[in-house]
Amino acid sequence: MSAYDKVQAARNSKRLTAVDYIGKMFGSSFFELHGDRRFGDDKAIVAGLAMLYDVPITVIAIEKGRNTKERMARNFGSANPEGYRKALRLMKQAEKFHRPVLCLVDTSGAYPGIDAEERGQGLAIAENLMEMMTLKTPILSVLIGEGGSGGALALAVADEVWMLEDSIYSVISPEGCASILWKDSTKAPEASECLKLTSHDLFDLGVVERIIREPSNIDDRKMFEGLKMLIARTFDKNLALDTERLLQTRYARFRRLGSHS
Amino acid sequence: MDLFTFLKPKNELEGSQSSAESMPFIPDSLWVKCPACNNMLLASDLQENHRVCTKCNHHFRMSARERIELLSDENSFTEFDSEMISDDILNFPNYKEKLEAAREKSGEKESVVTGKCTIGNMDVVLCVMSPDFMMGSMGTVTGEKITRAFEYATENRLPVIVCTVSGGARMQEGILSLMQMAKTSGAVKRHSDEGLLYITVITDPTTGGVTASFAMEGDIILSEPNALVGFAGPRVVEQTTHTKLPKGFQKAEFVQDKGFIDAVVQRKDLRKTLSTLLIMHNVKENS
């Protein structure tokens, strides 16, 4: 598969979305919690409590919607500031009860709307980055589809970041990159190669710790059960660390990313 | 007249305006046209007035060095990591040439200058982004230098002042540029958790990944008048929403009105304002 094939796979409307993963891994134990307690409830972010085997966890996911009606209601998975603030509220709640946090990321980007700007989209993302870095409970982020720039990163400051094999994670959309570079958005396939946005590229760059096999379909129980077990094992490992060590490791994880002479 | 020649004079005119806007130094003999009020200004007058239009108060962009000179006590600035350069780790098309051109244009090695200095004889760490270096785009060196500056300030218990100007994260370093948002935010948080002061000075334009990280993380957020500040650029917002943007959208005064900026400060008052705020936070005098 070329990089652009991966881009298309990550965006495919038939691709499983966050609520599918939540349903398959946590079933009826998932209890959704709504609202940011400030402005409203952003439907692009689905969040709540769930049982991971016998451990209660906080799940925060960006949901694109599975059909046209859902996609409209979910704003196609583009969150507004109140969505990021809902996420932060529930992360703080998780910290209070020392519950691990699982983030599922699937977004083309934070919503670039007039209202979003007026309500401080930049600040909402910035606050998540700051607070997640020192959140005193384990965080794990899994990119299950598109990882669009700052809007994805706002749920991906974590102890480990994993990617589904055909998901992507990029600083800019390939179309945006192509139109800036070559004044031609149809050159997105070339831009996709340059940006190194596939799971394997990002693994090589040290940006993700693990690549997860794609589910063959929604009934691929083996895959969902395997993913669930991996998540549980990772949380177990990180819950055993003392908080200072956990946060030091998280800081160091991002601290080393970059390269210079 | 064919379309090309019809368009050309206009393009040339626009080109000349934007190059005057971004020129780091203007020889005395030149007149400069203010892009806001169209008045012709004597370049030496403009320079003397800290690159603020004497007719309409338009704040021209300022090079990093000019701004350091404006804000810090004379000869007090000691630069950190002045030789650090980018590796072009992704081997991105034409990036090496672009970096070379940016270095040539700005006289800087990267899009931010970091260091320590005194302001009103008080020790501070000062980071100033450069509009002349790829419009302050944030690559991995930018992030690394800012992170190191915050770490130095945390270790030495110093306040930090960052003057932002940026188009956002630098696409030529791909995901690693994005990661600088997390890295710098982590360093800001550690500094903050030590009870230390961080002041942001937003200048025109500050957008994208810089807005969504350290620009919005200051204890106190100041801005120059009329500076553009937002996450998504105005053109992207307009194209996405197919709506006419409200008057003054994303301008500092508008953003202050929405509750995201503490104060809009005239450039001539900036140094005094910073020094007053430092005193109010018990920053010790340099001994």
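Summary table below
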quantity	calculated
Subset of the stretch B:199-222 (residues that are touching a residue at least 40 places away in the same chain (Cβ under 8 Å) and away from chain A (no Cβ under 11 Å))	B:ILE199, B:VAL201, B:THR203, B:ASP204, B:PRO205, B:ILE220, B:LEU222
Lone unmet requirement of (1) surrounded by fewer than 24 Cβ atoms within 10 Å (Cβ to Cβ); (2) among the hydrophobic types (A, V, I, L, M, F, W, C); (3) in contact with a strand residue (DSSP E or B) (Cβ under 9 Å, 6 or more places away or on another chain) for A:MET72	(3)
Criterion: touching a Ser or Thr at 6+ places or on another chain (Cβ under 9 Å), more than 11 Å from chain B (Cβ to nearest Cβ) and at pLDDT below 95 - qualifying residue of A:SER167, A:SER185, A:SER261, A:SER199	A:SER185
Number of the condition not met by B:SER192 [criteria: (1) within 11 Å of another protein chain (Cβ to nearest Cβ); (2) crowded, with 24+ Cβ neighbours inside 10 Å; (3) within 17 Å of A:TYR251 (Cβ to Cβ)]	(2)
Criterion (outside any helix (DSSP H, G or I), β-branched (Val, Ile, Thr) and touching a strand residue (DSSP E or B) at 6+ places or on another chain (Cβ under 8 Å)) met by exactly one of A:ILE211, A:ILE231	A:ILE211
Scan of the stretch A:85-144 for residues that are closer than 19 Å to B:GLY209 by Cα, part of a strand (DSSP E or B) and either in contact with a Lys or Arg (Cβ under 7 Å, 6 or more places away or on another chain) or away from chain B (no Cβ under 14 Å) (or both), ordered by number	A:ASP106
Number of the condition not met by A:SER108 [criteria: (1) hydroxyl-bearing (Ser, Thr, Tyr); (2) touching a helix residue (DSSP H, G or I) at 6+ places or on another chain (Cβ under 6 Å); (3) surrounded by fewer than 24 Cβ atoms within 10 Å (Cβ to Cβ)]	(2)
Residue within the stretch B:250-260 that is touching a Leu at 6+ places or on another chain (Cβ under 6 Å) and in a helix (DSSP H, G or I) present	no
Subset tally (residues that are crowded, with 17+ Cβ neighbours inside 10 Å and assigned to a helix (DSSP H, G or I)) for the stretch B:274-287	4
Subset of the stretch B:243-258 (residues that are farther than 15 Å from B:THR211 by Cβ and within 11 Å of chain A (Cβ to nearest Cβ))	B:THR243, B:LYS244, B:LEU245, B:PRO246, B:ASP257
Pairs, first without any contact (Cβ under 8 Å) to a residue 24 or more places away in the chain in the stretch A:4-33, second not aliphatic (A, V, I, L, M), C-beta under 6 Å, six or more apart	A:PHE31/A:GLY48; A:GLU32/A:GLY48
Hey, B:ARG157 in contact (Cβ under 8 Å) with a residue 60 or more places away in the chain and surrounded by fewer than 22 Cβ atoms within 10 Å (Cβ to Cβ) or not	no
Failed item in (1) facing chain A (nearest Cβ under 9 Å); (2) modelled with pLDDT of 95 or more, with B:GLY233 passing the rest	(2)
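Listed here are the residues, each with its yes/no results for (1) of a type in the set (Ser, Thr, Tyr); (2) modelled with pLDDT of 95 or more; (3) within 18 Å of A:ILE22 (Cβ to Cβ); (4) over 16 Å from the mean Cα position of the chain (by Cα).
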| residue | (1), (2), (3), (4) |
| --- | --- |
| A:GLY65 | no, yes, yes, no |
| A:ASN80 | no, yes, no, no |
| A:LYS92 | no, yes, no, yes |
| A:LEU102 | no, yes, yes, no |
| A:ILE114 | no, yes, no, yes |
| A:GLU117 | no, yes, no, yes |
| A:GLY120 | no, yes, no, yes |
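This table checks each residue for (1) free of Cβ contacts under 8 Å to residues at least 60 places away in the same chain; (2) more than 14 Å from every other protein chain (Cβ to nearest Cβ); (3) in a loop (DSSP other than H, G, I, E, B); (4) surrounded by fewer than 20 Cβ atoms within 10 Å (Cβ to Cβ).
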site	(1), (2), (3), (4)
B:LEU41	yes, yes, no, no
B:HIS50	no, yes, yes, yes
B:ARG67	no, yes, no, no
B:GLU74	yes, yes, yes, yes
B:GLU79	yes, yes, no, yes
B:GLU83	yes, no, yes, yes
B:LEU90	no, no, yes, no
B:GLU110	yes, no, yes, no
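The values are calculated or read from the model by the stated rules, or taken from the named source; none is laboratory data. Note that the structure is a prediction, hence the values are computed from the model and not measured. For neighbour counting, all protein chains shown are included, and Cβ atoms are generated from backbone atoms with ideal geometry for every residue, glycine included.
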